[in-house]
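Read the figures in this text as sums done on the coordinates, not as results from a lab. Since we're looking at a predicted model, the values are computed, not measured. Heads up, the Cβs are rebuilt from the backbone with ideal geometry, glycines too, and the neighbour counts pull from every protein chain shown.
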Amino acid sequence: MGKPTGFLEYPRLEPVRQPSATQGLNFAEFMYLFNPSDARTQAARCMDCGIPFCHAGIQLDGASVGCPLGNMVPEINDLTYRGKYTEAYRRLRLTHPFPEFTGRICPAPCEGSCTLGEHEQPVAIKAIERFLDDYAAAHPRQFGHLDQPEARTDRKVAVIGSGPAGLAAAYYLNALGEQVTVFEGADRPGGLLMYGVPAMKLGKDVVLRVVQRLEAAGIEFKLESPVGDTVDAEWLLEQFDALVLCTGAPLPRMPNIEGGTLKGFYPAMLYLTYATKRLLDPHFPAQAELEATGKDVFVVGNGDTATDCVATALRQGARSLTQLYYRNKPPIGRGPRNPWPLYPRVLKTDYGQQEAIALFGCDPREYARNIIAAKGDANGSVESVLVADVEWHKDAEGLLRPHCLPADARWRPAQLVLIATGFAGPDRRLLKLLGLETDVRGNVATQRSDSYATSRRRVFVAGDAHRGSSLVVWALKEGRDAARQCHQYLNESAGH
Ligand SMILES: Cc1cc2nc3c(=O)[nH]c(=O)nc-3n(C[C@H](O)[C@H](O)[C@H](O)COP(=O)(O)OP(=O)(O)OC[C@H]3O[C@@H](n4cnc5c(N)ncnc54)[C@H](O)[C@@H]3O)c2cc1C
Ligand code: SF4
């Protein structure tokens, strides 16, 4: 708990966001931290609620309840309120290897389950986490030893993929004494933290700082080493005692649109990866078709990926911006089937939409609308899209189904269309090479959702490759728990 009466005394404070959209947009991180006084008063709002849900880490009705990592939020808040930042950070690290990431980009299911949130604004748990991470970054000597293993085994484990699941698996396996090598197909480490989440949300220097931490703790990273391509998968199994597969769920889900193969229609990840590569490397070749500058841009989809496309297109100087989502507008407050402490399914105006509103004076989102066709110019590049309203009707089984209404559809100018309608699961080539079974959704199968052993002995899986496209905090939890199961398996195999 913080201060027993703190929630009555202090309102919730959002960390200051700079620069504001009106001051000009750029790719520098926009989130600024609480100062110590803010952090303490915000932690003071934690109210000794008795049975906290903020750290529960469970799923109810398909929604997250509390922090999936099980962070000890009330204790962390109490220590922060008392100004014991070193102890608070250490308490955080008991369950969580990388507050660097979640303090910046976690959607904070903990806050959706905060008891104070039933009647008031919840405790600003994520911003307090960010404050503690910044405190630790400013005092590296105090915390460097937390990454070091106490003892070493003579066993070798390969982690495939360096997204949050791979980084967490590597961190815990190393902490448990295993010798860890991370094989990453891309030219930079971090997975979607590097080439998905844009730099203004998560600075790429932060991702590299975490990787440096892991290297200093003894983990080896092999970049540009795609397993199943230049690195033979069976060779890897011969060389290592176990593998942990953390290859994500990158296959884009592309809607079937008449004219949808024209130039200018791109999956969101192609666009976002290009934007980050250009930002990090001035010599990376420019591709005008992947730039939003001076164009009428449509983003199709909802969620983080769509928001990141909106914000990136704004920074590139889009002439106009429209975000289409085929579902109805979410409610402002919780609906009857979405009670506390479930994660709130309510209208969220994220940073990209806020920036668009500030720049263009209107919300870029249009709900219950979809693109049903596109027309191209003489070069085969998209020049306009046909946008139709969508109505939802119950079918014979009572399930709501979308119906496009072409009669009222209108042609609208568009030179860039970014598809952010989700992901269809992991790349199946490596799964086939390793002979791994998949579940009905095409993800790597395990016996239960909390077991990480695949159908092949010595091969474990974690993150989006296991649970489908999800969140950083779930990838971290899966990487942590898969590492522990892998370590236990190796101990049992060695007769310990
Ligand atoms: C644009 C975007 C924005 C997002 N924003 C947020 C957000 O704000 N907050 C949030 O919580 N979540 C967000 N997410 C979701 C989050 O990023 C993912 O859930 C998370 O990164 C999954 O982690 P992972 O480690 O399982 O996979 P990934 O991050 O996808 O990492 C997989 C890694 O494996 C590598 N790899 C794949 N195959 C091979 C191979 N054969 N050999 C070697 N390496 C291989 C890939 O190159 C990649 O580096 C976002 C996702 C996207 C796409
Ligand atoms: S990791 Fe995310 S869910 Fe967990 S306490 Fe931090 S902000 Fe909340």
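Residues within the reach of a label modelled at A445 (point 7 angstrom out along Cα to beta-carbon, backbone nitrogen below 18 Å), restricted to the range 453-473, are 453-462, 465-468.
Applied to the range 68-77, the Karplus parametrisation 6.51 cos²θ - 1.76 cosθ + 1.60 on θ = phi - 60° returns per-residue 3J(HN,Hα) values of x, 7, x, 4, 7, 4, x, 5, 5, 5 Hz, with x for Gly and Pro. Cysteines in the chain lacking any other cysteine Cβ under 4.7 Å from their own Cβ: C46, C49, C106, C114, C246, C309, C362, C404, C486. Taking the DSSP beta bridges with both ends in the range 265-419, the antiparallel portion is around 55 percent. When both bridge partners sit in the chain, DSSP labels roughly 40% of those beta bridges antiparallel. Given their separation in residues at 0.36 nm each and the Cα-Cα distance between them, A63 and A216 gain 51.4 nm when the chain is fully extended. Placing R0 at 22 angstrom, the Cβ-Cβ distance between E238 and E492 gives a FRET efficiency of 0.55 after rounding to 0.05. Here the spin labels are modelled as points 7 Å beyond Cα on the Cα-Cβ line, and at K277 and E437 they lie 3.8 nm apart. Measuring between their Cα centroids, the range 142-181 and the range 187-254 lie 13 Å from each other. Rounded to the nearest whole Hz, the Karplus-based 3J(HN,Hα) values (6.51 cos²θ - 1.76 cosθ + 1.60, θ = phi - 60°) of the range 220-225 follow the sequence 9, 10, 10, 8, 6, 10, with x at glycine and proline. Stretching R345 away from D363 to a fully extended chain increases their span by 4.6 nm, per 0.36 nm per residue minus the current alpha-carbon distance. The alpha-carbon of K84 sits under 20 angstrom from the alpha-carbons of these lysines, leaving out residues fewer than 8 places away in its chain: K3, K126.
How would you classify the chain from its alpha-carbon gyration tensor, with a ≥ b ≥ c the square roots of the eigenvalues: rounded for a/c under 1.5, else prolate if a/b is greater than b/c, otherwise oblate? Oblate.
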